[in-house]
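Some notes on the structure that comes next.
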Amino acid sequence: MNPSPESTAPGHPPFDPPIDATYTLEIVAELTGVTTRQILYYQESGLIAPVAGTFDAPAFDDETVRALRRLEHLRECYGVNDSGLRLLLNLSEEVERLRRDLRHYQQLR
Amino acid sequence: MSVEFKDYYTTLGVARDASPEEIKKAFRKLARQYHPDVAKDKANAENKFKEINEANEVLSDPEKRKKYDLLGANWRHAGAEAPREGSPEGPPGQPGAGSEFHFGGTGFSDFFEQFFSGGSRYGFPTEGAEPAGDETESRGRARRGSDVEGDILVTLAEAMSGTVRPVSLQSTDPRTGQATTRNFRVRIAAGATDGQRIRVPGQGEPGRGGGPAGDLYLRVRHAADPDFSTRGSDVYYELDVAPWEAVLGGEIKLPTLDGSVTLRLPANTANGHRLRVRGRGLPRGKSGERGDLYVLVSVQLPTQVSEEERALWEKLRSTSTFNPRLPAAA
């Protein structure tokens, strides 16, 4: 597991996030508090996608961890159903992509 | 929280009705002057560079600029409502749930944080939505704290070689009004791309009833640079060339994020043409691979010509068969 970042005091190593870390289904369940069954269901519905592994033993990355938490947040706090989750996920991904493009073009002359 | 109003127009030295081009020009000029790589007084220049970048971040974005202009002198009053945009009351029956967050060390000022990128939950506007029935049903039940997201400004030099940044996160418990500040250092890996998120485990909102704390996601924002812009691991550079360089070709020395390269400009290079210098972009992960440097050719015309030059252009006019308004000869 990752060491917890604690202090700026000398002697405390900085938090060093692993690059391209992947997690098993069980670890993701532990990290997010979402049951493995629910994660597999999200995967089956196409709301999240594994970065490696097989369908039954998928490997996920930090972006999936974030996506799962966002999905659970929308479901718990706003009562969004599956179609709504799909819609919101796609929309926010598209907005993020368009904003990134916009920033790129704004920086060019 | 006492926050100082930032006059971004003064920071960039432009008028309030400045055009996007004027803002861009002013930013480039100042960014070049205070670029941490060239300035003599490094510490001072770095602060100034960040201030300029922040002003540019707001004024070059039409939406942010509109919001900023609307705030005007009423910014202090407007601030209270700003994070609740689109949902003035919040969900019914859940007044002011959730803590407030306040970042330090991200490269953005408190003022910017408060209005444009303050710690949001799950990347959604902070409005304190709580799970239904939270107060009664699940009282005492362990619940995980929310994830918090915020931006961190990273210069291209930092993105190139990686860096360690001290970050602080202050959270205020709305029930007790008590503020706690946590300090930590985060490594920004070499090659961090714009928009990339860094997950810092356990530094989000504290859990309740013994539940675990949420995570903090820091989203990398590349500081605008006077010379380079990025897209993923690729770096873009606009190369100004003279008309004869574009037509005749030649060798041109140009800067990169690490040292300079000599580019062979082919003859008859069109304006806007894109040339690729392989492997001179940002590092890509741990593999040692790198993105590419794209050179965008921009043909510039002289703004004033001497008598002698004028005679040469006149000679060219009488000699050349080129007519840009006629279809190209078969």
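Data overview
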item: Percent carbon-and-sulfur accessible area, chain A, ignoring ligands, DNA and RNA, probe 1.4 Å; result: 54
item: Rg ratio (alpha-carbon, reference 2.2 N^0.38 Å) - region A:23-107; result: 1.19
item: Apportionment of accessible area to carbon and sulfur, region B:190-330, percent (1.4 Å); result: 51
item: Total accessible area lost when A and B pair, probe 1.4 Å, Å² to nearest 100; result: 4000
item: Shielded residues, region B:279-315 - accessible-area loss of 10 Å² or more between chain alone and all protein chains, probe 1.4 Å; result: B:Gly285, B:Lys286, B:Leu296
item: Förster-model FRET efficiency, 56 Å R0, A:Leu88 and B:Val305, C-beta, rounded to 0.05; result: 0.45
item: Calculated FRET efficiency for the pair B:Asp240/B:Asp41, C-beta based, R₀ 30 Å, to 0.05; result: 0.55
item: Sum of side-chain charges, B:Thr106 neighbourhood, beta-carbon under 11 Å (Lys, Arg +1; Asp, Glu -1); result: 0
item: Fraction of accessible area attributable to carbon and sulfur, region B:1-73 (%, probe 1.4 Å); result: 52
item: Unsatisfied cross-links (Cα-Cα over 22 Å) in the set B:Lys29/B:Lys67; B:Lys25/B:Lys48; B:Lys6/B:Lys40; result: B:Lys29/B:Lys67; B:Lys6/B:Lys40
item: Theoretical FRET efficiency, 1/(1+(r/R0)^6), r = Cβ-Cβ of B:Asp173 and B:Lys25, R0 51 Å, to 0.05; result: 0.65
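The values are calculated or read from the model by the stated rules, or taken from the named source; none is laboratory data. Treat the numbers as computed from the prediction; the structure is a model and nothing was measured. FYI the Cβ positions are ideal-geometry reconstructions off the backbone, even for glycines, and counts take in every protein chain you see. Protein only, heavy atoms only, side chains kept; ligands, DNA and RNA dropped before computing areas. Shrake-Rupley method; radii C 1.70, N 1.55, O 1.52, S 1.80 Å.
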